[in-house]
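Trainee: This is the structure I want to talk about, given as structure tokens.
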Amino acid sequence: MSTNGFTTTIVHSDRRSTVEHGAVHKPMHPSAEFAFADSRELTAVFQGKPGFSYARQGTPTTAALETKLTQMEEGAGTVTFATGMAALAATFFALLKSGDHLITSKFIFGNTNSLLGTLAGFGVEVSLVDATDAEQVMAARQPNTRMVFVESLANPGTQIPDLVAIGAWCQREGLVYVVDNTLVTPFLCPAKRFGASLVVTSLSKHVGGHGNALGGAVTDTGLFDWSSYPNIAEPYRQGKPTSWGLTQIKKKGLRDMGGTLSAEAAHRIATGAETLSLRLAKACHNALELARGLQHHPKVSRVRYPGLASHPQHTRAADLFGGHFGALLAVELADDVDVFDFLNRLTVFALATHLGDNRSLVLPVAHTIYYEMGPERRALMGIPDGMLRISVGIEDTADLINDFHQALA
Ligand SMILES: *Cc1c(COP(=O)(O)O)cnc(C)c1O
């Protein structure tokens with residue numbers, strides 16, 4: 001592992017692993033299959049020797065991106081996927097069985113919540129708790145509990161779980177601790193240092209950052225001893241026990257389920273990742289300025305942003321996230337403002353779903369990404385009807401503040 005800093009490591013990662021002709025980028029390898037000059041070599045790769053056989057299971061281009069992500073997370077290995085949801089689905093379905101129990105935060109991304117409903121249909125018990133309080137996570141423990149899942153910063157409500165206490169408890173209890181690190185990335189949140197076993201990331205968001213590629217990843221931090229985990233299939237109980245979990249995710253989750261990242265998308269994401277720290281630092285700065293500007297505005301009833309002293313986990317965010325507070329705001333407007341007219345008056349913010357983009361985006365959540373689940377479930381998950389999710393981009397700060405204010409005027 002290099003001793004260089006976060007950005008230096010990513011920017012020079014490809015070059016340091018010998019690329020043909022001195023190219024500074026790993027080239028795109030669009031080959032579906034990889035041919036061998038020696039038949040014994042072909043069989044060796046099928047039997048576990050590192051190499052490439054069929055692109056569904058990875059290409060040199062996805063492998064180069066996986067190396068970068070592993071370096072960013074200070075991990076032991078990474079598997080990439082076509083989307084963040086593919087990475088989450090592969091993780092849950094590869095590692096959990098009917099009769100197992102999963103503890104998760106009730107403040108999570110809507111599609112992940114929907115996926116956990118599907119998992120429950122296959123006989124996995126799911127408990128939703130308020131994970132900002134580690135006691136509630138511990139109280140949900142059952143004899144069949146295998147895994148704890150949280151988002152390091154919750155989409156869209158900006159809640160922050162007690163990452164450190166939950167991590168320490170999972171380590172004591174021998175539970176797999178899965179952290180979705182999408183909203184803060186390892187630049188803000190070094191999840192391994194907080195005890196995460198697996199880190200899941202939607203690369204479509206900040207890591208890629210340009211709104212031009214979808215991707216997902218699972219990184220094994222190397223902290224979990226999979227020899228104690230009952231669901232690892234016999235063929236994957238080989239080599240170092242710290243690698244068994246990721247091997248099963250790669251075989252059962254990627255190879256069998258097939259949500260593979262294309263070489264083209266991997267290349268775009270890898271290019272985007274080079275500027276992750278610069279973009280995210282600017283977006284966090286913009287988000288803090290916007291939140292401060294809006295918190296006392298008479299037409300705004302509530303601003304949830306971890307950088308504000310009013311946020312319930314403000315101190316935790318300040319302790320854990322390296323002086324940044326993320327680029328996501330949840331805003332509720334005063335009752336006398338028509339939310340839809342307000343949105344239509346915005347000129348800089350794009351009315352779009354997605355987040356972690358260079359462009360600032362805004363979306364009314366109850367009517368869109370949380371529409372399908374209905375009012376009761378929304379209430380349980382703390383999603384009021386008037387909530388706007390604002391993903392702050394890298395634009396000039398004053399333009400964002402001015403746009404919001406003119407649309408409220
Ligand atoms: C967007 C998102 C996902 C899903 O990622 P996709 O790449 O869109 O499939 C998962 N978790 C969180 C926290 C997200 O914001």
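Trainee: Can you tell me which of (1) open to solvent by 10 Å² or more (accessible area, probe 1.4 Å); (2) within 16 Å of the ligand (Cβ to nearest atom); (3) assigned to a loop (DSSP other than H, G, I, E, B) is the one Leu261 doesn't meet?
Mentor: (1)
Trainee: So which residues in segment 174-189 are more than 12 Å from the ligand (Cβ to nearest atom) and open to solvent by 10 Å² or more (accessible area, probe 1.4 Å), if there are any at all?
Mentor: Passing the criteria: Gly174, Pro186, Phe187.
Trainee: Additional query: Among the residues of segment 76-90, are any touching an Asp or Glu at 6+ places or on another chain (Cβ under 9 Å), surrounded by fewer than 19 Cβ atoms within 10 Å (Cβ to Cβ) and not in a loop (DSSP other than H, G, I, E, B)?
Mentor: No, there is no match, as no residue in segment 76-90 is touching an Asp or Glu at 6+ places or on another chain (Cβ under 9 Å), surrounded by fewer than 19 Cβ atoms within 10 Å (Cβ to Cβ) and not in a loop (DSSP other than H, G, I, E, B).
Trainee: Output the number of residues of segment 351-373 satisfying the condition of being open to solvent by less than 40 Å² (accessible area, probe 1.4 Å), more than 16 Å from the ligand (Cβ to nearest atom) and hydrophobic (A, V, I, L, M, F, W, C).
Mentor: Matching residues across segment 351-373 total 1.
Trainee: Here's another thing I want to ask about it. Of all the residues that make up segment 299-319, how many are part of a helix (DSSP H, G or I) and crowded, with 22+ Cβ neighbours inside 10 Å?
Mentor: Matching residues across segment 299-319 total 1.
One line per residue, one yes/no per condition, for (1) part of a helix (DSSP H, G or I); (2) within 16 Å of the ligand (Cβ to nearest atom); (3) out of contact with any Cys (no Cβ under 9 Å at 6 or more places or on another chain); (4) in the same structural domain as Leu308 (by TED's automatic domain parsing):
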residue: Val150; (1), (2), (3), (4): no, yes, yes, no
residue: Ala154; (1), (2), (3), (4): no, yes, yes, no
residue: Arg172; (1), (2), (3), (4): yes, no, yes, no
residue: Val200; (1), (2), (3), (4): no, yes, yes, no
residue: Ser204; (1), (2), (3), (4): no, yes, yes, no
residue: Thr242; (1), (2), (3), (4): yes, no, yes, no
residue: Gly253; (1), (2), (3), (4): yes, yes, yes, no
residue: Met257; (1), (2), (3), (4): no, yes, yes, no
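Trainee: Scan segment 206-225 residue by residue and report those that are within 11 Å of the ligand (Cβ to nearest atom), open to solvent by less than 10 Å² (accessible area, probe 1.4 Å) and farther than 28 Å from Tyr236 by Cβ.
Mentor: Gly208
Okay, residues lined up against (1) in the same structural domain as Lys192 (by TED's automatic domain parsing); (2) surrounded by 20 or more Cβ atoms within 10 Å (Cβ to Cβ); (3) part of a loop (DSSP other than H, G, I, E, B):
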position: Ala120; (1), (2), (3): yes, no, no
position: Leu128; (1), (2), (3): yes, no, no
position: Pro143; (1), (2), (3): yes, no, yes
position: Thr158; (1), (2), (3): yes, yes, yes
position: Ile166; (1), (2), (3): yes, yes, no
position: Trp169; (1), (2), (3): yes, no, no
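Trainee: Let me ask something else about it. Scan (1) part of a loop (DSSP other than H, G, I, E, B); (2) over 18 Å from the mean Cα position of the chain (by Cα) for the single condition Ile108 breaks and write down its number.
Mentor: (2)
Trainee: Applying the selection to segment 94-116, what residues are open to solvent by 10 Å² or more (accessible area, probe 1.4 Å) and within 15 Å of the ligand (Cβ to nearest atom)?
Mentor: Lys106, Phe107, Phe109, Asn111, Asn113, Ser114, Leu115
Yes/no matrix, rows are residues, columns are (1) within 16 Å of the ligand (Cβ to nearest atom); (2) surrounded by fewer than 17 Cβ atoms within 10 Å (Cβ to Cβ); (3) part of a loop (DSSP other than H, G, I, E, B); (4) at pLDDT 95 or above:
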| position | (1), (2), (3), (4) |
| --- | --- |
| Asp335 | no, yes, yes, no |
| Thr347 | no, yes, yes, yes |
| Pro375 | no, yes, no, no |
| Arg389 | yes, no, no, yes |
| Ala398 | no, yes, no, yes |
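Trainee: Then there is this: Quick one: in segment 60-93, of everything that is more than 16 Å from the ligand (Cβ to nearest atom) and among the hydrophobic types (A, V, I, L, M, F, W, C), which residue is nearest to the chain's Cα centre (by Cα)?
Mentor: Met72
The values are calculated or read from the model by the stated rules, or taken from the named source; none is laboratory data. Since we're looking at a predicted model, the values are computed, not measured. When we count neighbours, we look across all protein chains shown, and the Cβ atoms used for this are built from the backbone with ideal geometry, even at glycine. Note: areas computed on protein heavy atoms with side chains; ligands, DNA, RNA excluded. Shrake-Rupley method; radii C 1.70, N 1.55, O 1.52, S 1.80 Å.
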